[in-house]
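Below is one structure, written out as structure tokens; comments come after it.
The values are calculated or read from the model by the stated rules, or taken from the named source; none is laboratory data. Just so we're clear, the structure is a prediction, and the values are computed from it rather than from any experiment. As a convention, Cβ positions derive from the backbone with ideal geometry for all residues, glycine included, and neighbour counts pool all protein chains shown. Surface areas here come from the heavy atoms of the whole protein model, side chains and all, with no ligands, DNA or RNA. Shrake-Rupley method; radii C 1.70, N 1.55, O 1.52, S 1.80 Å.
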Amino acid sequence: MEASQIESWAFSRSDAAAITGVTEAQIGNFVSKYDLFPGRPKGQGFHVSFRIRELMKLAAAQAMVELGLRPEQAAIALRGIQGPYGAMLHIDANQLGHAPGTIAFTRNSDGRWIAADSLDKIVSIQIRAWPIFDDLWPRIRAKVLEEGKAEPAPYPGDVEAGLAAFEAEIAKIRAQRWNTEA
């Protein structure tokens with residue numbers, strides 16, 4: 001099994017709730033009411049599944065809500081950006097001295113939180129992707145192992161080998177971002 005198959009593993013809404021700690025009802029609100037994932041088909045008849053990228057975005061949105069933002073504000077801030085998973089994997093030239101995998105949010109002129117940082121703003125919010133990943137990964141890994149042993153398996157190949165390859169790739173990326181040994 002390829003490491004990329006782990007990245008694209010699809011989880012149900014109930015699995016997403018168990019992995020992220022976000023209730024199924026709140027996930028429904030983030031998907032339909034607040035449009036956290038624009039461009040996705042919505043409404044009755046559409047099966048909603050979540051990959052690592054979406055799980056991390058749900059966890060970040062919930063963290064923002066727990067810190068005082070309304071769910072709508074969190075969704076608007078995270079909508080249309082690469083999100084924590086993308087920030088974790090890619091170097092952003094506009095990080096303004098933030099740690100790797102950090103997304104900074106400031107308020108724009110109409111009061112909305114946007115994914116940008118400005119040194120002239122007094123307040124900014126930072127979402128750090130690596131701790132989100134580290135929190136979610138054990139539950140994601142366990143669910144992939146469980147589903148990978150089902151008959152028929154969602155993806156062909158050795159799921160444990162795929163997980164090991166994915167973890168090695170993540171360790172390599174982490175080492176590059178933080179200038180450490182893998």
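With respect to Ser49, is the statement that it is open to solvent by 40 Å² or more (accessible area, probe 1.4 Å) and polar (S, T, N, Q) true?
It is false that Ser49 is open to solvent by 40 Å² or more (accessible area, probe 1.4 Å) and polar (S, T, N, Q).
Within the stretch 52-63, can you find the residues that are open to solvent by 10 Å² or more (accessible area, probe 1.4 Å), touching a Leu at 6+ places or on another chain (Cβ under 7 Å) and either farther than 18 Å from Trp137 by Cβ or not small (Gly, Ala, Ser) (or both)?
The one that is open to solvent by 10 Å² or more (accessible area, probe 1.4 Å), touching a Leu at 6+ places or on another chain (Cβ under 7 Å) and either farther than 18 Å from Trp137 by Cβ or not small (Gly, Ala, Ser) (or both): Lys57.
Can you tell me how many residues within the stretch 26-39 are small (Gly, Ala, Ser) and open to solvent by 70 Å² or more (accessible area, probe 1.4 Å)?
2
Can you say whether Glu160 is surrounded by fewer than 12 Cβ atoms within 10 Å (Cβ to Cβ), of a type in the set (D, E, K, R) and closer than 26 Å to Ser14 by Cα, as far as the supplied structure shows?
So Glu160 fails the test.
Could you check Glu147 against (1) crowded, with 16+ Cβ neighbours inside 10 Å; (2) among the charged types (D, E, K, R); (3) under 22 Å from Gly101 (Cβ atoms) and say which number it fails?
Only one criterion in (1) crowded, with 16+ Cβ neighbours inside 10 Å; (2) among the charged types (D, E, K, R); (3) under 22 Å from Gly101 (Cβ atoms) is unmet by Glu147, namely (3).
From the list Ala142, Ala168, Ala153, which residue is open to solvent by 30 Å² or more (accessible area, probe 1.4 Å), in contact (Cβ under 8 Å) with a residue 60 or more places away in the chain and not charged (D, E, K, R)?
Result: Ala168 is the single residue among Ala142, Ala168, Ala153 that is open to solvent by 30 Å² or more (accessible area, probe 1.4 Å), in contact (Cβ under 8 Å) with a residue 60 or more places away in the chain and not charged (D, E, K, R).
What's the number of the only condition in (1) part of a helix (DSSP H, G or I); (2) closer than 24 Å to Phe105 by Cβ; (3) over 13 Å from the mean Cα position of the chain (by Cα) that Ala18 fails to meet?
Ala18 satisfies all of (1) part of a helix (DSSP H, G or I); (2) closer than 24 Å to Phe105 by Cβ; (3) over 13 Å from the mean Cα position of the chain (by Cα) except (2).
Can you say whether Glu66 is of a type outside the set (Lys, Arg), more than 16 Å from the chain's Cα centre (by Cα), at pLDDT 90 or above and surrounded by 14 or more Cβ atoms within 10 Å (Cβ to Cβ), as far as the supplied structure shows?
So Glu66 does not fit the description; no.
Restricting to the stretch 94-140, name every residue that is on the phi > 0 side of the Ramachandran plot and at pLDDT 80 or above.
Scanning the stretch 94-140 gives Gly101, Gly111.
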